[in-house]
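Bear in mind these aren't lab numbers, they're just calculated from the coordinates by the rules spelled out. Small disclaimer: the values here were computed from a predicted structure and weren't measured. Ideal geometry is used to build each Cβ from the backbone, glycine not excepted, and the neighbour counts take in all protein chains shown.
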Amino acid sequence: MSEKILAVAAGHEITEQELNNLISNYPPEQQIYMSNPQAKQQVLDQLIAFHLFHKMAVEEGITASKEYEEMVEKVKVELASHMAATSVIEGIKTTEEEEKKFYEENPGMFAEKEQVSAKHILTDTKEQMAKVQEELGQGLSFEEAARKYSTCPSKDKGGDLGYFTRGQMVPEFEKAAFDGEIGKVTGPVKTQFGFHLILVEDKKEASKRPFEQVQAQIHQQLIQGKQQEAYDAKVKELEASYGVERKEW
């Protein structure tokens, strides 16, 4: 069965297979977009232009020029070098046993620090904070009070700071947040920025990420390490075989 011809440009028949081969070179996320008929048409237009310019290059003698020949030779060298280097590292694998060993020997890489999730209200003075506390006592929600009174940009999110670890906040704020009880308001706490009321929302104890969660990351890291080792070893071997003379520059 003959291939479906989508266009003929300068005498070259552009087949559906040629178009699909070009699309397959795009990143996966772009390939999804290429399933759109309009996007496919754009790629086809690029192919048409490609073959038109190639015909122009032949007719105007560009392909017979010295500059063209030099560029072709350079591409040949680069391609051959790339293929040779790829042949050295392709096929390198790692086992689950090696991955688990790496996981056990490097616990610090997979440690999750203790975290606190909190909201806060920041005011410049004690008097302003007293007014906030008064309105909270009258039933105003913490989030509304933050939007109404806080001078921190987090006021737009009801004072929500999300999760943070030790060392990310100023010491006075950090101590109050990590020592505070979940669901209870702590403060006012004075820092260099002003006065804070802190509402602790949640806490996460320090932990170690499970192996299953990080196995893919370990796998990639070990593969890359092995590939680098194989590459470096081959370069040394080739230096010994073919010779290298490094000059000062």
Open item on the list: Just to be sure I understand the model, the point goes 7 Å from the Cα along the line to the Cβ. What's the resulting Thr86 to Ala10 distance in nm?
Closed with: 2.6
Task: segment 84-134 versus segment 198-249: alpha-carbon centroid distance in Å - done: 18
- [ ] Using only alpha carbon pairs under 8 Å that are at least six residues apart, calculate the relative contact order of segment 26-155 and give it in whole percent.
- [x] 13
Open item on the list: I'd like the Karplus ³J(HN,Hα) series for segment 161-174: coefficients 6.51, -1.76, 1.60, θ = phi - 60°, whole numbers in Hz, and an x wherever there's a Gly or Pro.
Closed with: 9, x, 7, 8, 10, 5, x, 8, 10, 5, x, 5, 5, 4
Task: Amide H partners (placed H, <5 Å) of Ala7, local residues excluded - done: Ile14
- [ ] Check segment 114-205 and count each lysine pair with an alpha-carbon distance under 13 angstrom, considering only pairs eight or more places apart or from different chains.
- [x] 9
Task: Most to least packed among 205-217, 72-84 [average Cβ atoms within 10 Å] - done: 205-217, 72-84
Open item on the list: Give me, ordered by chain and number, the residues 5 or more places off Leu161 or on other chains with an amide H under 5 Å from its own placed amide H.
Closed with: Ala118, Lys119, His120
Task: On Cα atoms only, tilt of 37-59 relative to the major axis of the chain in degrees - done: 40
Task: Percentage relative contact order, segment 114-205, counting C-alpha pairs under 8 Å, at least six apart - done: 41
Task: For peptides 53-60, 64-71, 188-195, sequence by mean Cβ density within 10 Å, most packed first - done: 188-195, 53-60, 64-71
Open item on the list: Given the DSSP H assignment, sum -39500 (n - 2.57) over each helix run of at least 4 residues in the chain and divide by its residue total; what's the result at 222 nm in deg cm²/dmol, nearest 500?
Closed with: -17500 deg cm²/dmol
Task: Using θ = phi - 60° and Karplus 6.51 cos²θ - 1.76 cosθ + 1.60, couplings along segment 240-249 (whole Hz; Gly, Pro as x) - done: 5, 6, 9, x, 9, 10, 8, 9, 5, 8
Task: Cα-based Rg / Dmax (Å) for segment 114-205 - done: 12.0, 36
